[in-house]
Amino acid sequence: MPVQREKGIVVMQFDALDKKLLNMIQSNFPLVPEPYRELGNALGITEEEVIARLQSLMESGVIRRLGGVFDSRKLGYSGTLCAMNVPDERIRAVAGVVNSFDEVTHNYLREDYFNMWFTVLAPTVSRLGEILDEIRELTGIQEILTLPSENVFKIRVNFDLD
Amino acid sequence: MTEQDKQIVRELQKGLPLVSRPFKAIASKLGMSEEKLIGRIKQFVEDGRIRRFGAVVRHQDLGYVANAMVVWDVPEHRIQEVGSVMASFEEVTHCYQRPRHPGWPYNLYTMVHGRNREECIQAAQRIARATRLEQYRLLFSTAELKKSSMCYFEEKEFVECRKNTPDP
């Protein structure tokens with residue numbers, strides 16, 4: 001197994017082949033009829049072993065998903081980063097409201113005056129506005145900084161394991 | 001986006017099946033040929049609708065445990081130049097320009113990853129020196145309250161997609 005969890009601590013236990021496989025499939029997944037066979041050929045193992053290793057990496061949660069990472073704007077969606085100042089004693093309740101929207105994809109607490117940072121992604125601009133209005137109404141917190149990206153200089157989502 | 005394109009997106013976000021011919025399995029569900037599906041996916045990659053095709057990895061499990069959002073106050077006329085310099089740093093995974101707000105003068109946002117806090121702080125200092133910027137702050141994350149994959153074109157079928165993209 002690639003990962004052991006002990007007392008809540010994640011211990012890295014990939015073997016060299018798992019690492020190679022993960023590096024290969026983060027950005028160069030083969031778009032061919034038999035992709036697992038092709039990966040196996042590159043690694044010198046069988047298609048069955050590639051599938052078994054991927055299965056285990058998914059079960060242990062190292063791989064969250066195998067598939068497409070989409071550009072939301074190019075699919076026609078509108079999104080924005082939002083920031084709120086939430087009093088400490090209300091964090092649980094406010095997070096409950098914010099996270100209840102399927103359109104809220106990420107939410108982090110950060111150490112600053114604006115301590116709750118979340119992203120909203122909706123099929124239309126009007127739906128996006130509705131969600132923010134509902135959050136204001138349900139939490140009673142009127143000030144939400146809306147910070148849509150105006151320019152992208154970098155998005156890197158893969159990590160080299162070597 | 002045609003209805004068929006939306007169907008392709010819906011299937012791809014459920015995850016590629018671990019079978020010998022995964023594209024054929026999806027294609028037959030959609031009533032199209034394997035060849036046509038692969039061609040369509042390549043087209044999506046080419047036109048940028050798919051930013052990347054492959055595995056989404058939980059990087060916290062891979063040793064990058066600390067992350068800071070570093071926000072910068074950059075003079076408008078230097079945005080392009082500074083954005084490119086910041087993007088060139090290995091520690092910077094994301095770099096975006098965003099609007100300023102009254103009382104919040106920051107207009108450039110970088111995500112900085114490191115093995116610990118100190119690495120993030122040092123990376124921010126190196127970036128500040130390289131860009132000759134003095135107005136910035138680091139916002140360390142203290143808790144991840146939600147992290148999920150967006151389910152596109154699934155307004156009526158959220159449940160099915162969510163089931164296949166569990167939150168960590």
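The values are calculated or read from the model by the stated rules, or taken from the named source; none is laboratory data. Since the model is a prediction, treat every value here as computed from it, not as a measurement. No Cβ is skipped: glycine too gets one built from the backbone with ideal geometry, and neighbour counts run over all protein chains shown. Surface areas here come from the heavy atoms of the whole protein model, side chains and all, with no ligands, DNA or RNA. Shrake-Rupley method; radii C 1.70, N 1.55, O 1.52, S 1.80 Å.
Things worth noting here:
This table checks each residue for (1) surrounded by fewer than 19 Cβ atoms within 10 Å (Cβ to Cβ); (2) within 8 Å of another protein chain (Cβ to nearest Cβ); (3) under 30 Å from B:K6 (Cβ atoms); (4) not basic (K, R).
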position: A:L66; (1), (2), (3), (4): no, yes, yes, yes
position: A:D71; (1), (2), (3), (4): yes, yes, yes, yes
position: A:Y113; (1), (2), (3), (4): yes, no, no, yes
position: A:T124; (1), (2), (3), (4): yes, no, yes, yes
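- The one condition from (1) exposed (fewer than 14 other Cβ atoms within 10 Å of the Cβ); (2) outside the structural domain of A:I25 (by TED's automatic domain parsing) that A:V98 does not meet is (1).
- Of all positions in region B:8-27, at least one carries a residue that is open to solvent by 30 Å² or more (accessible area, probe 1.4 Å), within 29 Å of A:R53 (Cα to Cα), polar (S, T, N, Q) and facing chain A (nearest Cβ under 9 Å).
Let's see how each residue does on (1) of a type in the set (K, R); (2) closer than 20 Å to A:I155 by Cβ; (3) over 13 Å from the mean Cα position of the chain (by Cα):
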{"site": "A:I51", "(1), (2), (3)": "no, no, yes"}
{"site": "A:V69", "(1), (2), (3)": "no, yes, no"}
{"site": "A:G76", "(1), (2), (3)": "no, yes, yes"}
{"site": "A:E89", "(1), (2), (3)": "no, no, yes"}
{"site": "A:V104", "(1), (2), (3)": "no, yes, no"}
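- Residue match in region B:1-15 (condition: more than 21 Å from A:R64 (Cβ to Cβ), out of contact with any Phe, Trp or Tyr (no Cβ under 6 Å at 6 or more places or on another chain) and of a type in the set (A, V, I, L, M)): yes
- Filter result for B:R115 (open to solvent by 30 Å² or more (accessible area, probe 1.4 Å), of a type outside the set (G, A, S), at pLDDT below 95 and under 26 Å from A:V62 (Cα atoms)): yes
- Members of region A:73-88 found to be closer than 15 Å to B:V9 by Cβ, open to solvent by less than 20 Å² (accessible area, probe 1.4 Å) and touching a residue at least 40 places away in the same chain (Cβ under 8 Å), listed by number: A:Y77
- In the set (1) facing chain B (nearest Cβ under 10 Å); (2) crowded, with 21+ Cβ neighbours inside 10 Å, the condition left unmet by A:I135 is number (1).
- A:D102 fulfils the conditions (1) touching a His at 6+ places or on another chain (Cβ under 9 Å); (2) not in a strand (DSSP E or B) except for a single criterion, (1).
- All positions within region B:84-113 that are in contact with a Phe, Trp or Tyr (Cβ under 7 Å, 6 or more places away or on another chain) and either over 16 Å from A:P148 (Cα atoms) or among the aliphatic types (A, V, I, L, M) (or both): B:S84, B:M86, B:A87, B:L108, B:H113
- Residue match in region B:46-57 (condition: open to solvent by less than 30 Å² (accessible area, probe 1.4 Å), touching a residue at least 40 places away in the same chain (Cβ under 8 Å), out of contact with any helix residue (DSSP H, G or I) (no Cβ under 7 Å at 6 or more places or on another chain) and not small (G, A, S)): yes
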